Amino acid sequence: MATDESTTRWLVLIVKVPAEPSRHRVAVWRELRRVGALQVGQGVWTVPNVPVFADGVARVIQLAERGEGEVMVLDAAGRHESDGARLEALFTAERSEEWKEFLADCAKFDAEIDKEIASAKFTVAELEEEEQSLDRLRRWHRDIMVRDVFVAASSAEAEQRLKACADRLADYTERVFAALHQM
């Protein structure tokens, strides 16, 4: 079956960077991971051909060239509908793993708030630390949402957990405020 206009198009990146110095290969690899690219083979990565990935692909190319390497970028679609569906499933599975890690960090945030409440540690310094943790969770959530173009099933749960973390911080903030004004 040939592809049609409704089929997701993919950018296939064939990446070659000299082994030494390794910092260039590592920088390219880290950028590919940060962008959310799916590794489909040795030095072969793919992302959906949608605007949200354009800047990341450009950074990958720039980093590779800086390391005396090259990136060949191909526009592609699966030859059969099942090929595209398989890529989409693999890509979404990677987003699901990211959401799983995110949810685990939300649980750690909750546990930290529980610990501070249990020990009655209601200080401005601790509140600022927890605010920074929530800000980090918010940035991480935003970054995954941008990459999650096929909307992994766990994204809705992640949205709810982030809101719950914000609610927990609001409650902790009230407790800190109350403790500081009792003095």
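The values are calculated or read from the model by the stated rules, or taken from the named source; none is laboratory data. Keep in mind the model is a prediction, meaning the values are calculated, not measured. Here Cβ is always computed from backbone atoms with ideal geometry, including for glycine, and neighbour counts include all displayed protein chains.
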Do you know which of the residues in region 13-55 that are over 17 Å from Glu97 (Cβ atoms) and in contact with an Asp or Glu (Cβ under 7 Å, 6 or more places away or on another chain) is surrounded by the fewest Cβ atoms within 10 Å (Cβ to Cβ)?
Pro18
Members of region 116-146 found to be among the β-branched types (Val, Ile, Thr) and over 17 Å from Val52 (Cα atoms), listed by number:
Ile117, Thr123, Val124
Can you tell me how many residues within region 50-73 are closer than 11 Å to Leu13 by Cβ, in a helix (DSSP H, G or I) and not small (Gly, Ala, Ser)?
4
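Kindly check whether there is at least one residue in region 75-98 that is closer than 24 Å to Leu169 by Cβ, in a helix (DSSP H, G or I) and of a type outside the set (A, V, I, L, M).
Checked region 75-98: at least one residue is closer than 24 Å to Leu169 by Cβ, in a helix (DSSP H, G or I) and of a type outside the set (A, V, I, L, M).
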Keeping to region 31-48, report how many residues are touching a helix residue (DSSP H, G or I) at 6+ places or on another chain (Cβ under 7 Å) and of a type in the set (A, V, I, L, M).
4
Test: Val47 is within 24 Å of Ala156 (Cβ to Cβ), outside the structural domain of Phe150 (by TED's automatic domain parsing) and not in a helix (DSSP H, G or I):
yes
I'm checking my understanding of the structure. Among residues of region 116-134 that are assigned to a helix (DSSP H, G or I) and either in contact with a His (Cβ under 8 Å, 6 or more places away or on another chain) or aliphatic (A, V, I, L, M) (or both), which one is nearest to Ala166 (Cα to Cα)?
Leu134
Unique residue being among the small types (Gly, Ala, Ser) and on the phi > 0 side of the Ramachandran plot when the list is Ala152, Ala104, Ala120, Ala125:
Ala120
Return the pairs, sorted by first residue and then second, in which the second residue is of a type in the set (Phe, Trp, Tyr) and crowded, with 20+ Cβ neighbours inside 10 Å, the first residue lies in region 147-160 and is closer than 26 Å to Asp55 by Cα and in contact (Cβ under 8 Å) with a residue 60 or more places away in the chain, the beta carbons are less than 7 Å apart, and the residues are 6+ apart or on different chains.
Phe150/Phe91; Ala152/Trp99; Ser155/Trp99
Is it the case that Val57 is in contact with a strand residue (DSSP E or B) (Cβ under 7 Å, 6 or more places away or on another chain) and in contact (Cβ under 8 Å) with a residue 24 or more places away in the chain?
yes
